Amino acid sequence: MHDYQQKFIEFAIQRNVLRFGEFTLKSGRTSPYFFNAGLFNTGNDLLQLSKAYAAAIERSGLNYDIIFGPAYKGIPLATVTAMALAESGSNKPFAFNRKEKKDHGEGGNIVGAPLQGKVLIVDDVITAGTAIRESIDLIREAGAEPAGVLIALDRQERGNGELSAIQEVEQEFGIPVVSIIRLQQVLDYLKSHPEFSGHADQVADYRDRYGV
Ligand SMILES: O=P(O)(O)OC[C@H]1O[C@H](OP(=O)(O)OP(=O)(O)O)[C@H](O)[C@@H]1O
Ligand SMILES: O=C(O)c1cc(=O)[nH]c(=O)[nH]1
């Protein structure tokens, strides 16, 4: 595990973003851990988070024209990532969607820059891949092309079949998915920190059941 990854796990635990307990996921699975990016909820959190996202994009070498954040939690993520990239000299347009279409004023369900060219999707987690598939549909409907996905946490879970949701997305759409951390690193962290080792077994059991 790289130093930046350990620091990111500690940042997420310290802000209660990465929590342990019993959580129902969008996929219907019951998980012993949850990553709630909505709890990165101060200016300082977002400053730190935006730098972690921008650094991940820079490390990935992804080639893209515009950043897209899926509603809702992807919206601030895409926004602050675009700001951090601009700070380091890469000024990219960004856009996000509304979950419900607006039928007055400017109308439609895309806000921000027009979806054109190669689109990098920025979100918090991928579990079963539903949110990413919905984003890819929106991008294609607009006549643009998905170029990659950046998330904070790869939960390393099966999608619809035996592959991970991320592998399915990579194969089906031919695009890379980049994450800052993945579940295995969270598990390693829990096991090597006695104060969290009580959670390690439950997370490992969950991984045995739904992981790849
Ligand atoms: O891979 P999936 O199974 O789709 O799950 C992951 C998605 O679930 C959450 O979004 P959700 O739409 O639940 O909530 P939000 O409106 O808080 O972003 C999360 O932010 C991801 O976008
Ligand atoms: O699968 C989900 O719904 C999900 C998992 C997770 O860790 N965090 C989140 O916001 N959603």
Starting from the Cα of K191, draw a straight line to each of the lysines and keep only those under 22 Å, dropping any in the same chain fewer than 8 residues away.
K7
Positive-pole candidate from I121, S192, V111, dipole of the stretch 97-193, charges at beta carbon:
S192
Taking H placed 1.01 Å from N in the peptide plane, check which residues at least 5 places from N36 or on another chain put their amide H under 5 Å from its amide H.
L18, R19
222 nm [θ] for the chain, helices only, -39500 (n - 2.57) per DSSP H run of 4+, per residue, to 500?
-13000 deg cm²/dmol
Applying a 10 Å radius around every beta-carbon, put 111-119, 71-79 in order of their mean neighbour count, most first.
71-79, 111-119
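Could you tell me the relative contact order of the chain? Use alpha-carbon pairs under 8 Å, at least six residues apart, and round to a whole percent. Kindly include the intermediate steps, with their values, before the conclusion.
On the way: 364 pairs, mean separation 36.8, N = 212.
Answer for the chain is 17 percent.
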Can you pull the one-decimal nm distance between simple spin-label points at K26 and D103, each 7 Å off the Cα toward Cβ?
2.5 nm
May I ask you to list the aspartates and glutamates whose Cα is less than 13 Å away from that of K51, ignoring any residue fewer than eight positions away on the same chain?
E87
Computed over the stretch 1-132, protein heavy atoms only, probe 1.4 angstrom, the accessible area per residue in square angstrom equals 50 Å²
Computing the accessible area with a 1.4 Å probe over protein heavy atoms, can you report the carbon and sulfur percentage for the chain?
46 percent
Computed D for the chain, Stokes-Einstein, Kirkwood radius over alpha-carbon pairs, 20 °C, 1.002 mPa s, to the nearest µm² per second, is 121 µm²/s
Per residue, how much accessible surface does the stretch 148-212 expose to a 1.4 Å probe? Answer in Å², no decimals.
46 Å²
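Less than 13 Å Cβ to Cβ from L49, Lys/Arg counted +1 and Asp/Glu -1: what total charge do the surrounding residues give? Don't jump to the answer; show the numbers that get you there.
Details: positive: K7, R15, K51, K73; negative: D45, D123, D124.
Residues close to L49 contribute a combined charge of +1.
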Using the Cβ atoms and a cut-off under 13 Å, what net charge is assigned to the surroundings of L77, where Lys and Arg are +1 and Asp and Glu are -1?
-1
Search the structure for amide H atoms under 5 Å from the amide H of I126, placed 1.01 Å from N in the peptide plane, and list their residues when 5 or more places away or on another chain.
L153, R155
Given springs between every Cα pair under 10 Å in a Gaussian network model of the chain, which of P32, P194, P146 has the largest fluctuation?
P194
For the stretch 3-210, share of DSSP beta bridges that run antiparallel, in % to the nearest 5:
35 percent
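The values are calculated or read from the model by the stated rules, or taken from the named source; none is laboratory data. Bear in mind the structure is a predicted one, so any value in this text is a computation, not a measurement. Please note: Cβ atoms are built from the backbone with ideal geometry, for glycine as well, and neighbour counts cover all protein chains shown. Keep in mind that these areas ignore ligands, DNA and RNA; they rest on the heavy atoms of the full protein, side chains included. Shrake-Rupley method; radii C 1.70, N 1.55, O 1.52, S 1.80 Å.
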